[in-house]
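J.: My questions will all concern the structure given below.
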Amino acid sequence: MTSQARSTLSLQVLLHDQLVGSLTHRGTPGGKASAKGSPLAAPSQGWLQFSYAPEWLERADAVPLSWHLPLQDKPFDHWASHAFFAGLLPAGALRQALSTELQIAQDDDLALLEALGADCLGAVSLRKLQSGRKRYAMDLVSSLLPAASPAAPQLPLFDDSQTRDGQGDAAGQALLHACGELILGRPAEARSSWPASVAVVPIWQEDENGNAQDPNSSHVLWMAPGGQDAALLQRAFTMQLLQKMGVPVQAAQLMQSESITTLLQLRPDRRLEEDGSVTRIQTETLGQALGLAPGAATSRQASGWAASFALLREHAQPSVLPVLQLLDLVVGFVLVGDALASPHRLLLQRNEAGHWQLAPLWDVCSTLVSPMPHLAEPARMALAIGRHRSTGAPGDAAWDEFAQQCGLSPNQVRKRVRTLAQAMRTALPTVLEDEEHAPAWQHPSVSQLALHLRARADQMARSAG
């Protein structure tokens, strides 16, 4: 496609396969207030513009794509459109690989969305107007690694004895396709709607003829080669610890062989039905709902946790449960020492009753212990607790200031910090002694992390007393 053709590209935007609007390059930048941490340079292909379709606005059951994109006749400017639609795309090394494959500019969101539009976050799809062809994300990402794809089904990943929570059966039928590179070193700062760090591999369900049943991937697979899997083991340990503490976490299945370590998860924006079909759930990141572009995830210009709590109070009905859930997730992030926690790491979902709720954590990992000796641990958190920005455990004053900023009771926050810190002290030995994963937890990086977490739990339980 020529540069001129791309500049006039228009995509239909669908929600659950229903036309809701269009996305074009005919927009305007809008005011600086809309940027919220985004770069102000004009994109190479022009400014984005999203408009709701008149027929969608006339429907009694019409719902907005995002809290940040309310139903209205007026088109949205570039920054409002970019904050939501750029959040549907992968970032970092994967985005670069896809741009190279498609021979398009890395800032050409519209062309990337046209290529990957069948498998975006949540229940949103994008397609070219009056297009006579279907372009599936699995075809594109598999073409990036023609040598790896044929070997993928032979990887020793799926064993009936390792089946847990019903995920192993689905994985046993899976068709594996690599996104970008088989071992994809995505920079931590390049986080978006898709998982980040280590390797990310989407999986499509296979039918009896070996063809993909659905253009929508159902699972993601985090991958690392044997001997270089410290970060992935720390991620698996962090997730299992939080789950044991009672913090909602997306179930994951850790599998190891001599050559590869993997962590399998059902995508949190997908529901796998009994017949093997995949149902998409309307989902957006909390960052998208706040109108934050992906690059603002760790920026001081990002609105932070206070805006996240305010958003839930305004839009979630009833709001009490989501607010308490968010408090648990923030405290959980801090307890395990995930310095990169931000609204872009949390997902909002519309349930069958039409109410919005927070999805379980699925992209969380302690950063207290570097998985590689030559890399230093982060010294500061992406978002502060009060004015506390260091990765050390926040004290009473920081939590009290956090509570006031977020419209919460200081006593309520302290009590929740103390409760979860005590739960972590209790859960640590239970997780470490789990027979299924005991060999994995003996890895030096995990053992060292467990010691740090025990000391951190003791400190936070005392300080919140």
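The values are calculated or read from the model by the stated rules, or taken from the named source; none is laboratory data. On a predicted model such as this, the values are computed, not experimentally measured, just so you know. Don't worry about glycine lacking a Cβ; one is built from the backbone with ideal geometry, like all the others, and counts go over all protein chains shown.
J.: Output the qualifying pairs, or none if there are none: Cβ atoms under 6 angstrom, residues six or more apart or on different chains, first residue in segment 447-460 and surrounded by fewer than 15 Cβ atoms within 10 Å (Cβ to Cβ), second residue in a helix (DSSP H, G or I) and among the small types (G, A, S).
T.: Matching pairs, first to second residue: none at all.
J.: Consider segment 223-232. How many of its residues are surrounded by 24 or more Cβ atoms within 10 Å (Cβ to Cβ) and part of a loop (DSSP other than H, G, I, E, B)?
T.: Total meeting the criteria: 1.
Here's the yes/no breakdown for (1) within 17 Å of Q325 (Cα to Cα); (2) surrounded by fewer than 18 Cβ atoms within 10 Å (Cβ to Cβ); (3) without any contact (Cβ under 8 Å) to a residue 24 or more places away in the chain:
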site	(1), (2), (3)
V364	yes, no, no
P371	no, no, no
H388	no, no, yes
P410	yes, yes, yes
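J.: Now for a separate question. Only one residue in A393, A376, A398 is in contact (Cβ under 8 Å) with a residue 12 or more places away in the chain and either acidic (D, E) or within 29 Å of L232 (Cα to Cα) (or both), so which one is that?
T.: Selected residue: A393, the only one of A393, A376, A398 that is in contact (Cβ under 8 Å) with a residue 12 or more places away in the chain and either acidic (D, E) or within 29 Å of L232 (Cα to Cα) (or both).
J.: Only one residue in R235, R300 is at pLDDT below 85 and either part of a loop (DSSP other than H, G, I, E, B) or out of contact with any helix residue (DSSP H, G or I) (no Cβ under 8 Å at 6 or more places or on another chain) (or both), so which one is that?
T.: R300
J.: Out of (1) outside any loop (DSSP other than H, G, I, E, B); (2) within 29 Å of A423 (Cα to Cα); (3) touching a Ser or Thr at 6+ places or on another chain (Cβ under 8 Å); (4) not hydrophobic (A, V, I, L, M, F, W, C), what's the single condition that is false for R271?
T.: (2)
J.: Another question about this same structure. Out of (1) charged (D, E, K, R); (2) at pLDDT below 80; (3) under 19 Å from Q288 (Cβ atoms), what's the single condition that is false for D77?
T.: (2)
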